[in-house]
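The values are calculated or read from the model by the stated rules, or taken from the named source; none is laboratory data. This is a predicted model, so every value here is computed, not measured. Here the Cβ is made from the backbone with ideal geometry for all residues, glycine too, and neighbour counts use every protein chain on show. When the accessible area is computed, the model is the full protein with side chains, heavy atoms only, and any ligands, DNA or RNA have been set aside. Shrake-Rupley method; radii C 1.70, N 1.55, O 1.52, S 1.80 Å.
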Amino acid sequence: MKKICRFTVMLVLSALCLMACSKQENLANEGNEGNEGVNNKERVIVYTVGQSESQRALATEAEWDALLDQLCDQAQLGTEVTFYNMSPTTCHIGKSSNGTKSPISFSTTSRDEIKAWMKEMEEQGRTVRVSYDSATGTWSGVAYTTMAFTATGAIIGNWHFNSLIVSHIGSNGNLQDSELYVPEENGGSMYYEFFDNGNMVLVFNAMDGTTAVDSTSWTLTDEGKIFSELLPNGGYWDVNWITPGTMIFSCTGLNDENDNLYYQMQFDRQRKKISHP
């Protein structure tokens, strides 16, 4: 592998965001014309039941309510359940950015109340974890803005950069459009390796078949945000979801018109080493 300079790496990462943004308007319009595209799914929920991870696209409130019932059923059987809405919404972005960043805990003996609380936390863009104590009949839930401080060690390892979502929030606060960018669609690929000594390596496979690598450090703030110069957008990211197989980061930013942008990165864990610091 050859060494790639930091400036070039940042140009590549910036290009990912710009390419996604440049495609937004066209695909949003296509979705409106045919009632298809990025806006036709109300929610994309990633969830775990015990150690099993799944993902489901939900188009209606009835489907969302049914999934919550299924998760509650599993919790009543003694299995901890966790979920996160991967599909950004205006409510999701606005409430999560303005509300408290600390975990929110809740307990009740009412199934209806725990379901209502789960819905409220999902609207805030939080990751929700629920369990049930059959001995006392008590539901317990914790909702996170960022999970980094609960699973720091889980970040360590090799991750394939699966995709980037860029969502545009207008000056009126409404979600205008979102677009998905996948590096492999343009003939490239990117991999990140996080080490327990605070080092991080980025491997970039270009469209022309060449491979380049750069390294830097990564840190977690007291609030649980992850920071690295080699992450897109050059800022601090919330760790919204982390399991043995999947990791999701998000952050907000501004475009040239001072409209809000919401960024979301998804990673898939790789089981073999890809580089060395």
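Brief remarks follow.
- Residue 56-residue 229 pseudo-label distance in nm [points 7 Å out on the Cα-to-Cβ vector]: 4.5
- Across the protein chains, with a 1.4 Å probe defining accessible surface, the residues 195, 249 rank 195, 249 from largest area downward.
- Residues whose amide H lies under 5 Å from that of residue 188, counting only those 5 or more places away or on a different chain, are absent; hydrogens are built 1.01 Å from N in the peptide plane.
- Among 77-87, 58-68, the peptide with the highest mean count of other Cβ atoms within 10 Å heads the list, and the full ranking is 77-87, 58-68.
- Protein heavy-atom surface of region 192-269, 1.4 angstrom probe: 44% of the accessible area is carbon and sulfur, with nucleic acids and ligands not counted.
- Label point distance in nm, residue 108-residue 80, each placed 7 Å from Cα along Cα→Cβ: 2.2
- Between 155, 131, 176, the Cα set farthest toward the positive side of the dipole of region 128-262 (charges on each charged residue's Cβ, about the Cα centre) is that of 131.
- Legend: translational diffusion of region 113-247 by Stokes-Einstein, Rh = Kirkwood radius over C-alpha pairs, 10 °C, 1.306 mPa s; D = 91 µm²/s.
- Solvent exposure of residue 161, expressed as accessible area, is near 0 Å², computed with a probe of 1.4 Å over the protein chains only.
- By the compact-protein rule of thumb, 2.2 N^0.38 Å, the alpha-carbon radius of gyration of region 38-82 corresponds to a ratio of 1.21.
- Residue-wise HN-Hα coupling along region 237-250, computed from phi with Karplus coefficients 6.51, -1.76, 1.60 (Hz; x: Gly, Pro): 10, 6, 9, 7, 8, 8, 9, x, x, 9, 9, 10, 10, 8
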